1. Can you find a residue in region 37-50 that is surrounded by fewer than 16 Cβ atoms within 10 Å (Cβ to Cβ), part of a helix (DSSP H, G or I) and not hydrophobic (A, V, I, L, M, F, W, C)?
2. Please enumerate the residues belonging to region 9-36 that are surrounded by fewer than 14 Cβ atoms within 10 Å (Cβ to Cβ) and part of a helix (DSSP H, G or I).
3. Based on this model, can you work out whether residue 53 counts as without any contact (Cβ under 8 Å) to a residue 40 or more places away in the chain, crowded, with 16+ Cβ neighbours inside 10 Å and assigned to a helix (DSSP H, G or I)?
Amino acid sequence: MKKAMGVVCLVAGVLLLVWGYNLSQSVSGQFQRLFTGSPGDKAMWLHVGGLVLCAAGVFQIYFGKK
C-alpha cells in the first residue's frame, strides 16, 4: 500500500511540474517574466509542490515499509 501511495505522489508531482512549466511558458507567463523579471507566483508554487510530491513519492517507494 505504501508503494502505491508513493507512485500516486510521484505521478501527481510530475503532473504539477508539467503544469507549472506550461504555465510559465504561456504568453501571459512570458509577459510577466518580461516585465517583472521573475516567473509568476502560481507557476512557482506549482513547481515547488511538484518537487515536494516527487520527493515524497520517491521516499515512499524506496524507503516505505514492505
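Bear in mind that the values in this text are calculations on the coordinates, not laboratory data. Keep in mind it's a predicted model, so treat the numbers as computed, not measured. For neighbour counting, all protein chains shown are included, and Cβ atoms are generated from backbone atoms with ideal geometry for every residue, glycine included.
1. Here is the first cut: in region 37-50, the ones surrounded by fewer than 16 Cβ atoms within 10 Å (Cβ to Cβ) are 37-38, 41-42, 44-45, 48.
Adding the requirement that they be part of a helix (DSSP H, G or I) leaves 41-42, 44-45, 48.
Cutting the leftovers down to not hydrophobic (A, V, I, L, M, F, W, C) gives us 41-42.
Checked region 37-50: at least one residue is surrounded by fewer than 16 Cβ atoms within 10 Å (Cβ to Cβ), part of a helix (DSSP H, G or I) and not hydrophobic (A, V, I, L, M, F, W, C).
2. Going through region 9-36, the residues surrounded by fewer than 14 Cβ atoms within 10 Å (Cβ to Cβ) turn out to be 11, 15, 18, 22, 25-28, 30-31, 34-36.
Once the filter is applied, which keeps residues that are surrounded by fewer than 14 Cβ atoms within 10 Å (Cβ to Cβ) and part of a helix (DSSP H, G or I), region 9-36 yields 11, 15, 18, 22, 27, 28, 30, 31, 34, 35, 36.
3. Working: without any contact (Cβ under 8 Å) to a residue 40 or more places away in the chain: no; crowded, with 16+ Cβ neighbours inside 10 Å: yes; assigned to a helix (DSSP H, G or I): yes.
Here the answer is no, as residue 53 does not meet what is asked.
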